[in-house]
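See structure below.
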Amino acid sequence: MEAFAILLIFAALLIAGPAMGAEFQKKQEEVNRRLVTFIIENYDDLAMGATLDYNGVPISKRSVITRFRYCYSYIVMTSSRSSGMYLVDGLDADEAKNAKLICQLITAFSGWWGIPWGIIYSIQFLFSNGVKNGTNDDTVGDLMQRIQNANNG
């Protein structure tokens, strides 16, 4: 009976990560859409160096954007994903805190099952999300440049 319970828990963890990840990813696409729409609508002001208000957070072309990473595994396969884009100055907002927590939970419960990448990604993502508050490698100005390049190309 114990073996059956262990197998049931194992199966639940294998299914839970991808299921949670799929639903979470849909919400994060909406987060990205809202931020990109705001930037497009205010492109000229931001390009001129203005500091605007985005959901109670100051935003300028120098504002740093972060994403939280998460992964889930199926024994021999590991998938990694990113959350939506959040302004580093707004990480105390509930939406950003929730995204970080969900990424940490998905990774902690179902990321480490994959060999070897699940273990590697899980340690890397749990550390970068927890200690570094995500991957802070973009600014609003970088995103504006990509939007401009997409419109021109």
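When Glu29 is tested against (1) among the charged types (D, E, K, R); (2) within 12 Å of the chain's Cα centre (by Cα); (3) in a helix (DSSP H, G or I); (4) surrounded by 13 or more Cβ atoms within 10 Å (Cβ to Cβ), only condition (4) is not met.
Considering Thr78, Thr66, Thr37, Thr51, the condition of being out of contact with any helix residue (DSSP H, G or I) (no Cβ under 7 Å at 6 or more places or on another chain) and either of a type in the set (Lys, Arg) or over 18 Å from Ile147 (Cβ atoms) (or both) is satisfied by Thr51 alone. Counting only strands (runs of 3 or more DSSP E) that fall entirely inside the range 49-147 and contain at least 2 residues that are closer than 22 Å to Phe24 by Cα, the qualifying elements are 64-67, 69-74, 77-82, 135-139.
Given the structure, is Ile15 of a type in the set (A, V, I, L, M), in a strand (DSSP E or B) and either closer than 26 Å to Asp142 by Cα or out of contact with any helix residue (DSSP H, G or I) (no Cβ under 8 Å at 6 or more places or on another chain) (or both)?
no
In the set (1) under 29 Å from Ile40 (Cβ atoms); (2) crowded, with 21+ Cβ neighbours inside 10 Å, Ser73 fails one condition alone, (1). Residues in the range 40-70 that are of a type in the set (A, V, I, L, M) and surrounded by fewer than 20 Cβ atoms within 10 Å (Cβ to Cβ): Ile40, Ala47, Met48, Ala50, Leu52, Val57, Val64. Looking across Glu95, Glu23, one residue alone is surrounded by fewer than 16 Cβ atoms within 10 Å (Cβ to Cβ) and touching a residue at least 60 places away in the same chain (Cβ under 8 Å). It is Glu95. The set of residues in the range 32-57 being within 16 Å of Asp138 (Cα to Cα) and under 23 Å from the mean Cα position of the chain (by Cα) consists of Asn32, Leu35, Val36, Ile39. A single member of Asp89, Asp45, Asp53 is over 17 Å from Phe125 (Cα atoms), touching a residue at least 12 places away in the same chain (Cβ under 8 Å), in contact with a strand residue (DSSP E or B) (Cβ under 8 Å, 6 or more places away or on another chain) and not small (Gly, Ala, Ser), and it is Asp89. If you go through the range 108-144 and pick out every residue that is within 14 Å of Met77 (Cβ to Cβ) and without any contact (Cβ under 8 Å) to a residue 12 or more places away in the chain, you end up with 3.
Quick note: the coordinates plus some simple rules give every number you see, no bench work behind them. In this text, all values refer to a predicted model and were calculated from it rather than measured experimentally. Note: ideal-geometry Cβ built from the backbone for every residue, glycine included; neighbour counts use all protein chains shown.
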